[in-house]
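What follows is a short report on a single structure.
Only the coordinates and a few stated rules stand behind these numbers; no lab work does. Computed from a predicted model, the values in this text were never measured in an experiment. Positions of Cβ are backbone-derived with ideal geometry, glycine not excepted, and every protein chain shown enters the neighbour counts.
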Amino acid sequence: MGFSRSTSPLSRLFIVCAAVFGLLAGNVTLAQAVEATDVHGPDPTEETITAPRGPFDVEQESVSRFEVEGFGGGTIYYPTDTTDGLFSAVSISPGYTGTQESMAWYGPRLASHGFVVFTIDTITTTDQPDSRARQLQASLDHLVDDSSVRDRVDPARLGVMGHSMGGGGSLKAALDNPALQAAIPLTPWHTTKDFSGVRTPTLIIGAQNDTVAPVSQHAEPFYESLPDDPGKAYLELAGAGHLAPNTPDTTIAKYSLAWLKRFLDDDTRYDQFLCPPPQDDPEIAEHRSTCPY
């Protein structure tokens with residue numbers, strides 16, 4: 001049995017009582033009633049997880065760099081329907097010389113599956129990975145404490161993503177803040193190779209033909225340095241280059257969404273897309289993981 005971390009004690013008591021009543025009536029099990037409080041959206045399928053949009057309608061809001069501290073502003077994408085309760089949130093950093101526009105496609109795609117998504121600008125486009133880590137954390141703080149959608153965000157379910165130096169920044173953010181529930185570095189770059197202190201479930205996505213951050217020097221050493229617990233995975237895009245995460249990509253979207261659902265939402269319905277690892281997929285050159293999670 002697993003309650004949402006945002007479920008109040010009174011609500012939990014109500015749910016248990018309702019479940020017991022349903023169990024006695026013969027039309028529901030306790031596990032079914034409790035599980036229903038933990039998930040957002042219908043049961044996933046291969047078709048729904050690879051579709052350009054999910055079941056939730058999405059709105060977006062621009063956040064000026066002059067209205068925030070510690071990062072360069074950005075755009076918040078969020079589900080319009082609040083009947084499912086609070087949503088997990090993820091902040092996404094662009095790479096070196098990049099802006100939020102390079103990561104904009106993740107916003108509506110992930111938000112339409114039940115996440116609050118913040119694609120951010122960095123203070124300068126040349127900020128290094130450790131600075132981007134601090135800016136990712138600052139953007140999460142803004143979402144939770146000051147944003148207009150703070151009443152939709154579960155502060156216990158926060159994650160980070162990033163491309164290139166932003167990917168290195170997402171690793172550093174996870175190292176600095178063990179409370180983060182998920183990290184997804186995309187073709188990451190960082191001069192540090194040892195992230196053995198990370199305690200956040202991390203999916204690293206590399207690119208087979210990356211000449212800017214070759215996987216043998218970045219993504220693979222990062223993955224190998226991560227501890228097996230609480231979970232890690234490495235996915236290498238076949239034939240892809242360093243900028244692959246900057247344009248809509250079904251493979252990146254599928255596995256990023258499954259990872260966020262599994263570890264931000266604790267939604268085990270998405271285990272099917274992560275374990276066992278994908279086999280004979282022409283879009284994937286290599287896959288490693290510690291599944292089952």
Additional length obtainable on full extension of the chain from ALA156 to GLU61, 0.36 nm per residue less Cα span: 32.0 nm
Number of Lys pairs (Cα under 21 Å; 8 or more positions apart or on different chains) in the chain: 5
Which label in [x] 47, 45, 35; [y] 105, 38, 32; [z] 62, 48, 34 gives the computed Cα extents along the principal axes in Å: [z]
FRET efficiency, ALA179 to THR45 (Cβ-Cβ, R0 45 Å, nearest 0.05): 0.90
Rough spin-label spacing in nm, given labels placed 7 Å along Cα→Cβ, for THR126 and CYS291: 4.2 nm
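How many Å³ per residue does the convex hull of the Cα positions in segment 35-97 occupy?
Each residue corresponds to 148 Å³ of Cα convex hull volume.
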5 angstrom amide H check on ASP81, placed H, neighbours 5+ away: ASP57
